[in-house]
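A short worksheet on the structure shown next.
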Amino acid sequence: MRLKTSSGAAVIAAAALLASAACVSEEPSSNTTDSALSGSGTGADCVIDETVKIGAVFSLTEGAAFAGLYQQEGLTLAIEQLNAVGGVQYELIVEDDKTTVEDSVAAFEKLIDRDEVSVIVGPTLSGMAFTTYTDAQSAGVPALGVSTTAEGIPEIGDYIFRASVPEEVALAASIPAAKEALGLEKVAVLYDSADEFTASAFNTITDVLNDEGIEIVVEESFETTDTDFSAQLNKVLGTEVDAVILSALPGATVPLVKQARDLGVEAPIVGGNAFNSPVLVGALEDASEGLIVGGAWSAAAETTGNAEFIAAYNEAYERAPDQFAAQAYTAGFLIDQAVRSDCDANREAIKDNLGQILEFDSILGPISIDESGEVTQEPFVQIVENGAFTLL
Ligand code: 1QQ
């Protein structure tokens, strides 16, 4: 397997910069079919002569690198294991979007037009996916999200899929679990209104709290790059809320939670997908204690192959995997399943078969993706105890 990492061209058309984040469903331009990507046999017996190119766009630097680096490692490990099986050989081409929409668009363009990949995994953030998936859709290239959890992602078009438990599903599990564990009656909700994923999660949070009969006594927003949260936290102080529900990326979560504890806000903190990261726990140090998170994977889950995955990952990278690594790893196997079902790695065949994944037995548990592109998977709710995630 060859692993190429390049920053991609930084030149972006003004149109791309201005591209709307709204969900659009465009008809793709026609794709050519490469007969060498279509093999003989099926499933485990599938043999394809040409190497199948898988592109990946992850945030390997800047704000979302806390997730992107794990994603790159997880997907690389899956591709190595899949290539060892034989019959189908994959080449993984990874691009860094530097946590910007511009670089994400450039990376998608390179993978689609220059590398002519069969499928793209990523990008890391929903905030980039709303633009890049519109491009993948118009080009007729299937894209599989592994951490894009905002509302409206699969609706972008029929070439867009995700293997990442939507934030609304994660929160619909973590908030009731926190209610049961902590007896939640009154909460504060703090959210980043500038990021599409965290803003969309805020809507879900209010819906779930309403459904659960939990009262919101403080509701405050901030922006992704803010560093001082004292104004919002001072509104929480003295309210005796049972928990703070936080919708933020780790960049803001770390100073916010630390400042909360320093100011004397003692309420437990509940969050979703972005919090399921050892990077966050490490950066928070003691302030991570008691954090409740909903997400797609747990090291403690007794799912098929999970223990072997953790061991292989530790061996390869000398650190433990996280949720983002686990999801990207799973994506490799989902793509392989889609390729092998018709023994065809052309874009159109992968698109058709990614939409028919039924209860695939994965380290995330049984996972299905239907033709709408949406994933069905049971989320995991965890709590940080003694600096480590354990199932709640
Ligand atoms: C999204 C997310 C982020 C937490 C991924 C790192 O879930 O942007 O949708």
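Surrounded by fewer than 23 Cβ atoms within 10 Å (Cβ to Cβ), modelled with pLDDT of 95 or more and more than 20 Å from THR198 (Cβ to Cβ): does that describe GLY213?
yes
When the residues of segment 183-210 are narrowed to those that are among the hydroxyl-bearing types (Ser, Thr, Tyr) and at pLDDT 95 or above, which ends up surrounded by the most Cβ atoms within 10 Å (Cβ to Cβ)?
Restricting attention to segment 183-210, the residues satisfying the condition of being among the hydroxyl-bearing types (Ser, Thr, Tyr) are 191, 193, 198, 200, 204, 206.
Those still in the list that are at pLDDT 95 or above too: 191, 193, 206.
Values: TYR191: 24, SER193: 13, THR206: 15.
Out of the qualifying residues, it is TYR191.
Counting only residues that are assigned to a helix (DSSP H, G or I) and either among the charged types (D, E, K, R) or in contact with a helix residue (DSSP H, G or I) (Cβ under 8 Å, 6 or more places away or on another chain) (or both), how many does segment 165-185 have?
9
From the list LEU237, LEU291, LEU263, pick out the single residue that is in contact (Cβ under 8 Å) with a residue 12 or more places away in the chain and within 25 Å of the chain's Cα centre (by Cα).
LEU291
Quickly run through segment 175-199 and pick out the residues that are away from the ligand (no atom under 16 Å from the Cβ), over 18 Å from LYS235 (Cα atoms) and not β-branched (Val, Ile, Thr).
Of everything in segment 175-199, those that are away from the ligand (no atom under 16 Å from the Cβ), over 18 Å from LYS235 (Cα atoms) and not β-branched (Val, Ile, Thr) turn out to be PRO176, ALA177, ALA178, LYS179, GLU180, ALA181, LEU182, GLY183, LEU184.
Looking at (1) more than 16 Å from the ligand (Cβ to nearest atom); (2) modelled with pLDDT of 95 or more, which one does MET1 not meet, given that it meets all the others?
Going through (1) more than 16 Å from the ligand (Cβ to nearest atom); (2) modelled with pLDDT of 95 or more one by one, MET1 breaks only (2).
Can ASN276 be described as at pLDDT below 95 and among the polar types (S, T, N, Q)?
Yes.
Return yes or no: is GLY305 of a type outside the set (Lys, Arg), over 19 Å from the mean Cα position of the chain (by Cα), away from the ligand (no atom under 16 Å from the Cβ) and modelled with pLDDT of 95 or more?
Yes, satisfied.
Filter segment 123-144 down to residues that are part of a loop (DSSP other than H, G, I, E, B) and more than 11 Å from the chain's Cα centre (by Cα) and give me whichever is surrounded by the fewest Cβ atoms within 10 Å (Cβ to Cβ).
GLY140
Please determine, by comparing only the residues of segment 360-386 that are in a loop (DSSP other than H, G, I, E, B) and in contact with a Ser or Thr (Cβ under 7 Å, 6 or more places away or on another chain), which one is surrounded by the most Cβ atoms within 10 Å (Cβ to Cβ).
Per the stated criteria, the residue is LEU364.
Tell me the residue from ALA67, ALA21, ALA15, ALA10 that is touching a Phe, Trp or Tyr at 6+ places or on another chain (Cβ under 8 Å) and at pLDDT below 55, please.
ALA21
Search segment 59-69 for residues being in a helix (DSSP H, G or I) and touching a strand residue (DSSP E or B) at 6+ places or on another chain (Cβ under 9 Å), and hand back the single one that is surrounded by the most Cβ atoms within 10 Å (Cβ to Cβ). Give the steps one after another, and end with the answer.
Narrowing segment 59-69 to residues in a helix (DSSP H, G or I): 65-69.
Adding the requirement that they be touching a strand residue (DSSP E or B) at 6+ places or on another chain (Cβ under 9 Å) leaves 65, 67-69.
Working: ALA65: 19, ALA67: 31, GLY68: 29, LEU69: 21.
Applying the filter and picking the extreme gives ALA67.
For segment 200-241, give me the residue count where each residue is away from the ligand (no atom under 16 Å from the Cβ), charged (D, E, K, R) and within 26 Å of ASP262 (Cβ to Cβ).
Total satisfying the criteria: 6.
Just to be sure I understand the filter: pairs with C-beta atoms under 6 Å, separated by 6 or more residues or on different chains, first member in segment 65-91 and in the same structural domain as PHE324 (by TED's automatic domain parsing), second member basic (Lys, Arg) and more than 13 Å from the ligand (Cβ to nearest atom). Which pairs pass?
Hits for this filter: GLU91/ARG2; GLU91/LYS53.
Is it true that ASP158 is away from the ligand (no atom under 12 Å from the Cβ), charged (D, E, K, R) and in a loop (DSSP other than H, G, I, E, B)? First the steps, then the outcome.
Details: away from the ligand (no atom under 12 Å from the Cβ): yes; charged (D, E, K, R): yes; in a loop (DSSP other than H, G, I, E, B): yes.
Here the answer is yes, as ASP158 does meet what is asked.
Could you say which residue among ALA331, ALA338 is in a helix (DSSP H, G or I), more than 16 Å from the ligand (Cβ to nearest atom) and either in contact with a Leu (Cβ under 9 Å, 6 or more places away or on another chain) or of a type outside the set (A, V, I, L, M) (or both)?
Result: ALA338 is the single residue among ALA331, ALA338 that is in a helix (DSSP H, G or I), more than 16 Å from the ligand (Cβ to nearest atom) and either in contact with a Leu (Cβ under 9 Å, 6 or more places away or on another chain) or of a type outside the set (A, V, I, L, M) (or both).
The values are calculated or read from the model by the stated rules, or taken from the named source; none is laboratory data. All figures in this text were calculated on a predicted structure; none of them were measured in a lab. Neighbour counts run over all protein chains shown; Cβ positions are idealised from the backbone, glycine included.
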